[in-house]
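Asker: Okay, handing you the structure first.
The values are calculated or read from the model by the stated rules, or taken from the named source; none is laboratory data. Source: prediction; values computed, not measured. Every residue, glycine among them, receives a Cβ derived from its backbone with ideal geometry; neighbour counts consider all protein chains shown.
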Amino acid sequence: MDKLLANRIEKLEVNVERIENELIKIAFSNLTDIIKKMDNKISLDKLKNLDENEQAAISEISEINNEGFERKKIKMHSKLRALELLGKRFKMWTDESEPIEYIIRILNNGDPADF
């Protein structure tokens with residue numbers, strides 16, 4: 001079974017570096033930048049204005065029509081979860097309470113060295 005899994009992983013080109021890169025795309029994405037590049041108009045056509053990293057951070061684009069009112073929504077992959085997984089990967093914390101506090105400090109432009 002391990003050989004089958006190893007062959008499948010190799011065929012799909014799944015490796016640690018690729019997974020880390022995908023997490024980095026999500027962790028350091030910025031919704032404001034994405035909306036600006038879409039000219040404040042959320043649409044599939046505007047996706048071409050985004051680079052590969054920004055596109056990877058989007059989990060869903062939807063449109064809701066309710067009695068003549070149209071609403072569009074961009075849903076991003078979880079930034080906090082990606083930061084948490086990267087932090088675990090690089091052994092940035094050991095305590096269960098540390099990740100969230102550490103991440104919040106980084107997101108608020110605090111110096112992680114002060115943590």
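Asker: Does any residue of region 37-52 turn out to be closer than 22 Å to LYS79 by Cβ, at pLDDT 90 or above, part of a helix (DSSP H, G or I) and not assigned by TED's automatic domain parsing to the domain that holds ARG89?
Answerer: Yes; the residues of region 37-52 include at least one that is closer than 22 Å to LYS79 by Cβ, at pLDDT 90 or above, part of a helix (DSSP H, G or I) and not assigned by TED's automatic domain parsing to the domain that holds ARG89.
Asker: Among the residues of region 53-77, write down those that are free of Cβ contacts under 8 Å to residues at least 24 places away in the same chain and closer than 19 Å to ASN21 by Cβ.
Answerer: Within region 53-77, GLN55, SER59 meet the criteria.
Asker: Being surrounded by 10 or more Cβ atoms within 10 Å (Cβ to Cβ) and farther than 17 Å from ALA56 by Cα is the filter; apply it to region 6-25 and report the residue that is modelled with the highest pLDDT.
Answerer: It comes out as ASN15.
Asker: Determine the pairs where a residue that is within 20 Å of LEU47 (Cβ to Cβ), located within region 14-36, has a partner that is among the small types (Gly, Ala, Ser) and outside any loop (DSSP other than H, G, I, E, B) with Cβ atoms under 6 Å apart, the partner being 6 or more residues away or on another chain.
Answerer: Note: pairs meeting the criteria are LYS25/ALA56; LYS25/ALA57; ILE26/ALA57; ILE26/ALA82; SER29/ALA57.
Asker: State whether one or more residues within region 47-62 are among the polar types (S, T, N, Q) and either surrounded by 16 or more Cβ atoms within 10 Å (Cβ to Cβ) or on the phi > 0 side of the Ramachandran plot (or both).
Answerer: no
Asker: Report whether or not ASN30 is surrounded by 10 or more Cβ atoms within 10 Å (Cβ to Cβ) and not aliphatic (A, V, I, L, M).
Answerer: yes
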